[in-house]
Amino acid sequence: MQKLILTLKHLFQESAVAPNAKARVEGIVSQVRSAMEVAVCSLYLVNERGLLTLVATEGLNPASVGKIQLPIGRGLVGRIAETKHPLNVLSASADPHFVYFPDSGEEIYEAFLGAPVVHAGELVGVLVVEQKERRKFTEEEESFLVTVAAQLGSTAPTEFQTETEAGAQAGATSGSLTRRVRGIAGAPGVGIGNALLLSDTMDLMTVSDAPTNDVEGEIGLFRDAVQATLQEFAESQKKIAESVSSDVADIFTIYEMLLQGPDLTSTAETHIKSGKNAATALRIAVSHYSSRFEEMEDEYFQARGEDIRNLGNRVYARLRNITPPTIKEGEKVVLVGGLVSISDIAEFPVEQLAGIVSRDGSSLSHTAVVAKALGLPAVMGVGHVGEIPQGEVVIVDGYQGQIFLRPAQSVLDEFRRLIFNESSLARELSKLKEFPAETTDGHRVQLFANTGLLADITPGLTHGAEGIGLYRTEIPFIVHGSFPSEDEQVAVYRSVLEAYAKMPVYMRTLDVGGDKPLPYFPFQEENPALGWRGVRFTLDNSVIFMTQIRAMLRAAAGHPNLNIILPMIGSVHEMEAFSELLNSALEQLSEEGFPVCRPRVGIMAEVPASIAILHFLSGKIDFVSIGSNDLTQYLLAVDRNNSRVANLFDHIHPAVLQAVEEILIRSRAIGVPVSVCGEMAADPCAALLLLGLGIENLSMSAFSIPRIKWLIRSVSREEAREQLALAKQCPHPEEIREQVSDFLVSKGLSRLFEPAQGPVETKVS
Ligand code: PEP
Ligand code: MG
């Protein structure tokens, strides 16, 4: 047993470093077989058609992998799946459920033990061990297998499933089947295009050691390559500043600083002087500095390691005189690479890009930030996807974080239908731009846009936003290389206020911490969601806070549309401390001669404690904005970023609806208006209930505005109230959702529910 416990400890550590999902499950199966000293260990996973499929085995005929398939309920394996209960059988052949598969080699095994693999309450597979002699497995053995199966279930088994299935299918039919590869959702949307492979031709890390006798010549080549790369960055920066925004283009400044800084280049030159050629020296320097970042625990810094490697590839390409590939006019391409970079994106006209697929990288990568701003679907971290021929059709599903290679006609048709539906609905709804968001019985709702990048500004206006309901100032802070100066902030805030002149702009003070770490101000916390974030962070760092408040006030000179929102307010003290800072900023600036005036100030209602203190804030605040994302997270005690509990996160949970109602009642009592700026506002079912609750301001991503306007214009306030009354009778969020969506469908709004989820799986977020 001791051996089993030790195995358990190492099993998943080892499997975590396997190069792909197939190797991972094969490793687990092999280790379980040797630890339990049994003849066979096999793993079956439920495929997309609901069949239990053998995906890995040690002991059975390897040719059976992918071929043995059985429905839930059939055979011993099917029985375990059906009952979700382990089965320990003395003699498999004597069991009435036994099913024999010819050529599997299973007929000689008698003792059989199997355990279900369950993920988020759903059965996803069955893990089995077998032995020749008739015997019952011991309790320890059973509990070991159950534990391994439980661990398997908790570690993203669908990734094992889809990748191993893909492998099995590809092996069995030599490439005629659609292959789905999972990654991380980097930027939402769906795109289809021809693969344009980028970095494979210039992967610096594949360079092998080579000496030089011509040190001077190699240093010259190296310096020329660095200069050419800097030149390329300057051009890319210009292009991206025109097509995206200057704050995103600032990311190139980080690249330039890295390249011009002494560390990287002087390390490379030192290696050239020691007799290595330029490419080898560059590889050594880049690998040294990138691994220093990649070893850090903080995800943001790991992502900066990515930047350095990307930089290395760029210089290497120049050393080899490789210029980026070109595309035909009118061709839609999906950029595929080890590390697709912002400069890669900037190389191509945005209208020809269908999506981005990056082997490495995360949703925090700058690439993902830029993709979102450009409305390009992106899937990051797909790992080693194997050979993708240049020009092959790729589907990028940025909603689900998956790509499809060699898509079958039916899959392609389905995604084309999805893209068509999305764009045709968007086209039809664009006609509503000039119309107000008014219910059929004349109640007016104001629809605002949520933004964070300057690149979001135009979509907001073109989709008919009546103002900015939430400007997340942390985004310009995050894409910047260091704390932006007061003047830099003034320029950004002023352009937002100017773009929406005569419309209200609700600008939120810095909300970093939690899941939004500030790159250049790292800190570790046990429980970041409950830690140093939002106004707690800024009040403790009052110099940073003061700079931001001053910048907002200066930007608002001549633009009286500024409203300041404070994130994460949970106590009256915090509000009072902010008021003091605001007073002193106003005083300082008037003494310095700036023409400032006091903006309206309000709070995000997102920490549940804020609800109870609303009446104490009377006279201290001018409005309340409900941050339903955090409010739901804190009310339901469900981490908004944890996929394991994502199915529990629902902003139409009775607790959230009640809290929203309470906020409305208490805010009315102190005479301040309320808006909702979390994701709840863009969810059709929730939006209807909010309408029933009497909300008159909703703020959401620009692309959701036309849909919610369509909804509002299709129903009466009275109907919304009736739906709310029904919802209040119901304890289960999923039933509330069903009831409200049935109602919306009955009003002809079924297309509101169609596209965004993608055709393959339902996303829970
Ligand atoms: C929210 O919490 O609902 C909100 C709008 O803020 P964020 O998502 O930026 O935390
Ligand atoms: Mg929030």
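A few notes on this one:
Here is a yes/no grid of residues against (1) modelled with pLDDT of 80 or more; (2) over 23 Å from N561 (Cα atoms); (3) not aliphatic (A, V, I, L, M):
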site	(1), (2), (3)
L447	yes, no, no
A455	no, no, no
P459	no, no, yes
T462	yes, no, yes
A465	yes, no, no
L470	yes, no, no
G481	no, yes, yes
D487	yes, no, yes
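- Hits in the range 523-537 (condition: within 14 Å of ligand 2 (Cβ to nearest atom) and either open to solvent by less than 10 Å² (accessible area, probe 1.4 Å) or out of contact with any Gly (no Cβ under 7 Å at 6 or more places or on another chain) (or both)): L530, R533, G534, V535, R536, F537
- Filtered by the rule that a residue be within 14 Å of ligand 2 (Cβ to nearest atom) and either touching a residue at least 60 places away in the same chain (Cβ under 8 Å) or on the phi > 0 side of the Ramachandran plot (or both), the range 635-678 gives D639, R640, N641, F649, S675, C677, G678.
- Top-ranked residue in the range 193-233 [being within 29 Å of the chain's Cα centre (by Cα) and in a helix (DSSP H, G or I); ranked as farthest from R320 (Cα to Cα)]: F233
- Given (1) within 14 Å of ligand 1 (Cβ to nearest atom); (2) open to solvent by 30 Å² or more (accessible area, probe 1.4 Å), index of the condition M568 fails: (2)
- Check on D515, of a type in the set (D, E) and within 16 Å of ligand 2 (Cβ to nearest atom): yes
For every residue, the table says whether it meets (1) modelled with pLDDT of 80 or more; (2) open to solvent by 60 Å² or more (accessible area, probe 1.4 Å); (3) touching a strand residue (DSSP E or B) at 6+ places or on another chain (Cβ under 7 Å).
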site: N277; (1), (2), (3): yes, no, yes
site: V286; (1), (2), (3): yes, no, no
site: G305; (1), (2), (3): no, no, no
site: G312; (1), (2), (3): yes, no, no
site: P324; (1), (2), (3): no, no, no
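- Scanning the range 576-609 for residues that are within 16 Å of ligand 2 (Cβ to nearest atom) and in contact with a strand residue (DSSP E or B) (Cβ under 6 Å, 6 or more places away or on another chain) yields G602, I603, M604, A605.
- Here Y520 passes the criteria (1) out of contact with any Pro (no Cβ under 9 Å at 6 or more places or on another chain); (2) away from ligand 2 (no atom under 16 Å from the Cβ); (3) assigned to a helix (DSSP H, G or I) except the one numbered (3).
- Members of the range 92-142 that are outside any loop (DSSP other than H, G, I, E, B) and open to solvent by 70 Å² or more (accessible area, probe 1.4 Å): A94, E107, I108, E122, E139, E140
- F545 vs. criteria more than 15 Å from ligand 1 (Cβ to nearest atom) and buried (at least 17 other Cβ atoms within 10 Å of the Cβ): yes
- Scanning the range 503-528 for residues that are farther than 21 Å from A465 by Cβ and hydrophobic (A, V, I, L, M, F, W, C) yields L510, V512, L518, F521, F523.
- Cβ pairs under 7 Å, 6+ apart, first in the range 72-87 and in contact (Cβ under 8 Å) with a residue 60 or more places away in the chain, second among the charged types (D, E, K, R) and open to solvent by 10 Å² or more (accessible area, probe 1.4 Å): P86/E142
- Test: P560 is in contact (Cβ under 8 Å) with a residue 12 or more places away in the chain, surrounded by 13 or more Cβ atoms within 10 Å (Cβ to Cβ) and under 25 Å from the mean Cα position of the chain (by Cα): no
- Yes/no for G570 being touching a residue at least 40 places away in the same chain (Cβ under 8 Å), within 16 Å of ligand 2 (Cβ to nearest atom) and under 20 Å from I468 (Cβ atoms): no
- A single entry from V77, V17 fulfils the requirement of being modelled with pLDDT of 75 or more and β-branched (V, I, T): V77.
- Sole residue being aliphatic (A, V, I, L, M), away from ligand 1 (no atom under 13 Å from the Cβ) and open to solvent by less than 10 Å² (accessible area, probe 1.4 Å), chosen from L470, L518, L461, L510: L518
- For the range 619-645, filtered to residues that are acidic (D, E) and more than 8 Å from ligand 1 (Cβ to nearest atom), the residue that is modelled with the highest pLDDT is D622.
- Which listed residue, of V46, V77, V40, is farther than 19 Å from T138 by Cβ and over 33 Å from the mean Cα position of the chain (by Cα): V77
- Members of the range 652-674 that are open to solvent by less than 20 Å² (accessible area, probe 1.4 Å) and either of a type in the set (S, T, N, Q) or within 12 Å of ligand 1 (Cβ to nearest atom) (or both): V656, V660, S667
The values are calculated or read from the model by the stated rules, or taken from the named source; none is laboratory data. Bear in mind the structure is a predicted one, so any value in this text is a computation, not a measurement. Cβ atoms come from the backbone with ideal geometry, glycine included; neighbour counts cover every protein chain shown. What goes into the accessible areas is simple: the full protein's heavy atoms, side chains included, and nothing from ligands, DNA or RNA. Shrake-Rupley method; radii C 1.70, N 1.55, O 1.52, S 1.80 Å.
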